[in-house]
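Enquirer: One structure, as structure tokens, below. Some questions next.
Values quoted throughout were computed directly from the atomic coordinates according to the rules given, and no laboratory measurement underlies them. What you see is a predicted model; the values in this text were computed from it and never measured. Glycine also receives a Cβ, built like all others from the backbone with ideal geometry; neighbour counts cover every protein chain displayed.
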Amino acid sequence: MEVKNRIILALDVKTMERAFEVADAVSDYINTIKVGYPLALAEGLESISMIKEEFSSKIIADFKVADIPETNRKIADLTFEAGADAIIVHGFVGADSVTACMESADEHDKEVFLLTEMSHPGASAFLQPAAEHIAEMGVELGIKNYVAPATKINRLETIRNIVGKNAFIISPGVGAQGGETSSTLDFADAAIVGRSIYLSHDPKNTAKGIVDGIKL
Ligand code: XMP
């Protein structure tokens, strides 16, 4: 996936009105938007196609899919039919559940991102010990897109080493959670930024500042 300026906006606002304001403000700098549960539950799955059509942006649906294969398949089908270009899928549920999403992605000509380890402190309890196995499973399944944390650069580096230099890693945790853009982009292909932009008084300038600070 080609991500303009290597920055993805996490648009975790709860109204379409605010979503459009923020997406519009940053549209000179950002062409890839992550839509998650806050917006999709508040405004419906149509929020995906509405943003995509208005801003010609790519949409990554952050639904952290984590169910049995049959249910994962339905979630992925509905998400792709709603217009998402990619879906984020949890790896801890195992190869069969992940494969169900991959099959849906193949049929819709869309993409899967495999979530290995999360960015928040609590992830160290259960997910971190499994993260390397999850990344190895992704490689065995032939997955090319991964999510790994910007808040733990050593973990991001470890996951990069497992998935290889040709894999595409997106990394949340920059800004509000303490992650730093440049060091994240030493190991990730794109950084995900949410609150630092959408809670800013001037999202456009904030996005510009982040982009200007990157060694592209
Ligand atoms: P902030 O506001 O912290 O937003 O910049 C970060 C965004 O990324 C999501 N998030 C994650 N998504 N794996 C994911 O797939 C993770 O480890 C992870 N950590 C944060 C978060 O929900 C928000 O949208």
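Enquirer: Pairs to check: Lys14/Lys165; Lys58/Lys208; Lys34/Lys208. Give those whose C-alpha atoms are more than 30 Å from each other in this structure.
Expert: Values: Lys14/Lys165 36 Å; Lys58/Lys208 19 Å; Lys34/Lys208 18 Å.
The answer is Lys14/Lys165.
Enquirer: Which shape class applies to the chain: rounded if a/c is under 1.5, otherwise prolate when a/b exceeds b/c and oblate if not, where a ≥ b ≥ c are the square roots of the Cα gyration tensor eigenvalues?
Expert: Numbers: a/c = 1.74, a/b = 1.16, b/c = 1.50.
Verdict is oblate for the chain.
Enquirer: Let me ask something else. So if I place +1 on the C-beta of Lys and Arg and -1 on the C-beta of Asp and Glu, and nothing else carries charge, what would the dipole magnitude of the chain be about its Cα centre? I want it in debye, nearest 20. Please report the intermediate quantities before stating the final value.
Expert: On the way: 20 positive and 32 negative charges, 146 e Å.
In debye, rounded to 20, the chain gives about 700.
Enquirer: So, in nm, how far is label Ala130 from label Asp24 when the simple model puts each one 7 Å beyond its Cα toward the Cβ?
Expert: Calculated label separation equals 4.3 nm.
Enquirer: Could I ask something else about it? To the nearest 0.05, what FRET efficiency results for Thr71 and Lys204 with a Förster distance of 30 Å applied to their C-beta separation? Numbers along the way, then the final one.
Expert: Details: r = 40 Å, r/R0 = 1.32.
Computed FRET efficiency for Thr71 and Lys204: 0.15.
Enquirer: Which of the listed residues, Val193, Ile153, Ile170, is farthest toward the dipole's positive end in the stretch 4-214, when Lys, Arg count +1 and Asp, Glu count -1 at the beta-carbon?
Expert: Checking the options against the dipole of the stretch 4-214, the answer is Ile153.
Enquirer: Within the stretch 102-140, find all residues whose amide N lies under 17 Å from a label point positioned 7 Å from the Cα of Asp96 along Cα-to-beta-carbon.
Expert: 102-104
Enquirer: Sort Leu199, Leu41, Leu9, Leu127 by Cβ crowding within 10 Å, fewest neighbours at the top.
Expert: Values: Leu199 14, Leu41 11, Leu9 28, Leu127 19.
Ascending number of Cβ neighbours within 10 Å: Leu41, Leu199, Leu127, Leu9.
Enquirer: What net charge is computed for the residues neighbouring Glu157, neighbours being all others with C-beta under 15 Å from the C-beta of Glu157, Lys and Arg scored +1, Asp and Glu -1? Walk me through the numbers on the way to the answer.
Expert: Numbers: positive: Lys152, Arg155, Arg160, Lys165; negative: Glu117, Glu132, Glu180, Asp186, Asp189.
Taking every other residue near Glu157 into account, the sum is -1.
Enquirer: Right, next: Distance in nm between label sites at Glu157 and Glu53, each 7 Å beyond Cα in the beta-carbon direction?
Expert: Placing both labels 7 Å along Cα→Cβ, they lie 4.7 nm apart.
Enquirer: Let me ask another. Whole angstrom only: what separates the Cα centroid of the stretch 77-93 from the Cα centroid of the stretch 1-62?
Expert: Rounded to whole Å, the Cα centres lie 15 Å apart.
Enquirer: Could you tell me the convex hull volume per residue, in Å³, taken over the Cα atoms of the stretch 107-177? Mind showing how you got there, number by number?
Expert: Values: hull volume 7.0 nm³, N = 71.
For the stretch 107-177, the hull spanned by Cα atoms encloses 98 Å³ per residue.
Enquirer: Return the calculated 222 nm mean residue ellipticity for the chain, to the nearest 500 deg cm²/dmol, obtained by summing -39500 (n - 2.57) across DSSP H runs with n ≥ 4 and dividing by the residue count.
Expert: Numbers: 11 runs with 105 residues, N = 216.
Calculated at 222 nm, the ellipticity per residue is -14000 deg cm²/dmol.
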